[in-house]
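One structure is given below, encoded as structure tokens.
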Amino acid sequence: MTVTGAQLQEYLAGLDYPVSREDLVRWGQENGASTEALALLRSLPAVEFGSPAELGEALDMLA
């Protein structure tokens, strides 16, 4: 199963930026993210994302 951008948005709704990769994974876990979504978040670079746009760019690079 492929994780869609809409699914990630659902899991990450209400998140305050800036946010680290570890924060994203923790938030996803707390909001019921699928195993695939959590794996995708864990594969992000270990940097701080300052905005949803920065996170989106990093996710696009993984695709």
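The values are calculated or read from the model by the stated rules, or taken from the named source; none is laboratory data. Treat the numbers as computed from the prediction; the structure is a model and nothing was measured. Glycine gets a Cβ as well: all are built from the backbone with ideal geometry, and neighbour counts include every protein chain shown.
Computed quantities for the displayed model
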item	result
Residues of the range 26-42 satisfying the condition of being surrounded by 12 or more Cβ atoms within 10 Å (Cβ to Cβ) and not in a helix (DSSP H, G or I)	Asn31, Ala33, Ser34
Check on Asp23, assigned to a helix (DSSP H, G or I) and loosely packed, with under 13 Cβ neighbours inside 10 Å	no
Criterion: more than 10 Å from the chain's Cα centre (by Cα), modelled with pLDDT of 90 or more and not polar (S, T, N, Q) - qualifying residue of Asp16, Asp23	Asp16
Restricting the range 1-13 to residues that are surrounded by fewer than 13 Cβ atoms within 10 Å (Cβ to Cβ) and not in a helix (DSSP H, G or I), the residue that is modelled with the highest pLDDT	Ala13
